[in-house]
């Protein structure tokens, strides 16, 4: 899986490991590129009212034989249950390659931070440093990460 963001058509591309990558909303070319990278599951956290929401993403992913799950996440309602749902999705595909995204890789990287620390054993400080290339996380994320044991 390609790790360098400058060669990716996916904004804010971030490879966590060989099984998980994060980024912003892909377009049709981005989906084809993801397929070429071996992605076999896309998890979309975008809400349908987001400016960048792409209603045809599920169909285009299916056309490329990529599994697709839409799990909209409202950042004003960050609960342990929201993480547990995502944990199940990400854990279920640890033999494959998952692309987790939202509009700008804020929700996706924020939720993936918990997965990285709790499930993959990453150092919280190092995991947070890798998020510097993504758009900023509001203070509510710090509170949520602390609540979820990821700081």
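Sorted by average packing, counted as other Cβ atoms within 10 angstrom per residue and highest first, what order do 21-31, 124-134 take?
Values: 21-31: 21.2, 124-134: 14.9.
In decreasing order of mean packing, 21-31, 124-134 become 21-31, 124-134.
Calculate how steeply helix 107-118 sits against the longest principal axis of the alpha-carbon atoms of the chain, using the helix alpha-carbon long axis, and give the answer as 0 to 90 degrees to the nearest 10.
60
Provide, for q = 0.13, 0.25, 0.27, 0.28 Å⁻¹, the log10 of I(q)/I(0) from a solvent-free Debye sum over equal Cα point scatterers in region 100-151.
After summing over all Cα pairs, the log10 values are -0.25, -0.98, -1.14, -1.21.
Based on DSSP H runs of at least 4 residues, each adding -39500 (n - 2.57), what is the mean residue ellipticity at 222 nm of the chain after dividing by all its residues, to the nearest 500 deg cm²/dmol?
My calculation for the chain gives -11000 deg cm²/dmol from helical runs alone.
Once fully extended, how much extra length lies between residue 36 and residue 95, figured as 0.36 nm per residue of separation less the alpha-carbon to alpha-carbon distance?
Value of the extension gain: 19.5 nm.
Based on alpha-carbon centroids, what's the gap between region 120-150 and region 11-45 in Å, whole number please?
If you average the Cα positions of each part, the centres end up 20 Å apart.
Where Rh denotes the Kirkwood radius from the mean inverse Cα pair distance, what is Rg over Rh for region 10-120?
Across region 10-120, the Cα-based Rg/Rh ratio is 0.92.
7 Å from Cα along Cα→Cβ at both residue 28 and residue 77: what's the point-to-point distance in nm?
If labels sit at residue 28 and residue 77, their model points lie 3.3 nm apart.
Rounding to the nearest 10 and keeping the result within 0 to 90°, find how far the Cα-based axis of helix 80-92 lies from the longest principal axis of the chain.
The angle comes out near 50 degrees.
Each reported figure results from applying straightforward, stated rules to the coordinates on display, with no laboratory input. The model shown is predicted, which means the values in this text are computed figures rather than measured ones. Please note: Cβ atoms are built from the backbone with ideal geometry, for glycine as well, and neighbour counts cover all protein chains shown.
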